[in-house]
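These notes are about the structure you will find just below.
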Amino acid sequence: MRISVAWQWAGAIVLGLAIGLGASLLAIGSGRGNIAAGPWVTSMVYGSSDADMYTRARVALFGLLALNKEQAVYYTASVDDAGERLSGDCTYLLKGQDLTARWWSVTAYGADSYLIANDAGIYSFSKTTVAREPDGSYEVRVSAARQAGNWLPVKRGERFDLTARLYNPAAAVHADPAAVALPVIEKESCE
């Protein structure tokens, strides 16, 4: 059976659209930043006129309300310090000191890029809410199971990301964003 020229053109157009859409979604979905500080990644073009179309699309699709880099710098971690994908089936220990900014927070987001619903009503920890050790450091457990002390709930069986926001960051953050001391993310156990 012979396929008409019209059907060949229609097939080529559909195939071209599918490839183009797939490539665009891949570029947007994987564009979490090009500067790494351990497992945390950022881009200094979020919220700036220097952002390319893929960065702008990512900001629009995934809900990151990006202020300009003088006002806020955003780091995202989707893996732990060992490079393994963050999972709600595991418990993680975040350890750190105050981040180099006037105010900061760390928030957990589900695979859909929204806050993770939980009965405790806990969605993040920040400079003003985290309980500290005597030396000023802090430890936060990220887990689906309730934890004593600082606890950031996630959902069992689901992947998640962590976002650190540095508001009014120090000049050193702009000078060398890869050298910023962000919390370590150590896997303690998995179910």
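The values are calculated or read from the model by the stated rules, or taken from the named source; none is laboratory data. In this text, all values refer to a predicted model and were calculated from it rather than measured experimentally. Heads up, the Cβs are rebuilt from the backbone with ideal geometry, glycines too, and the neighbour counts pull from every protein chain shown.
Couple of notes before you dig in:
- Each residue in segment 102-122 was checked for being farther than 21 Å from Gln71 by Cβ and of a type outside the set (Gly, Ala, Ser), and 7 pass.
- Scanning segment 162-181 for residues that are in contact (Cβ under 8 Å) with a residue 12 or more places away in the chain, part of a loop (DSSP other than H, G, I, E, B) and touching an Asp or Glu at 6+ places or on another chain (Cβ under 9 Å) turns up nothing.
- Test: residue in segment 145-158 that is surrounded by 12 or more Cβ atoms within 10 Å (Cβ to Cβ), touching a Phe, Trp or Tyr at 6+ places or on another chain (Cβ under 8 Å) and assigned to a loop (DSSP other than H, G, I, E, B): yes
- Filtering segment 103-118 to residues that are at negative phi and either modelled with pLDDT under 95 or not β-branched (Val, Ile, Thr) (or both) leaves Trp103, Trp104, Ser105, Ala108, Tyr109, Gly110, Ala111, Asp112, Tyr114, Leu115, Ala117, Asn118.
- Residue in segment 120-138 that is in contact with a Gly (Cβ under 7 Å, 6 or more places away or on another chain), assigned to a strand (DSSP E or B) and modelled with pLDDT of 95 or more present: yes
- Filter pass, Ser137 being free of Cβ contacts under 8 Å to residues at least 60 places away in the same chain, of a type in the set (S, T, N, Q) and more than 24 Å from Glu70 (Cα to Cα): yes
- Of all the listed residues (Tyr109, Tyr92), the sole one being under 16 Å from the mean Cα position of the chain (by Cα), in a strand (DSSP E or B) and more than 27 Å from Asn168 (Cβ to Cβ) is Tyr92.
- Residue match in segment 181-190 (condition: farther than 27 Å from Asn68 by Cβ, surrounded by fewer than 19 Cβ atoms within 10 Å (Cβ to Cβ) and in contact with a Ser or Thr (Cβ under 6 Å, 6 or more places away or on another chain)): yes
- Number of the condition not met by Ala175 [criteria: (1) closer than 20 Å to Gln71 by Cβ; (2) under 21 Å from the mean Cα position of the chain (by Cα)]: (2)
- Pairing residues of segment 71-86 that are surrounded by 22 or more Cβ atoms within 10 Å (Cβ to Cβ) with residues that are at pLDDT below 95 and assigned to a loop (DSSP other than H, G, I, E, B), at Cβ distances under 6 Å and at least 6 apart in sequence or on separate chains, gives Tyr74/Tyr46.
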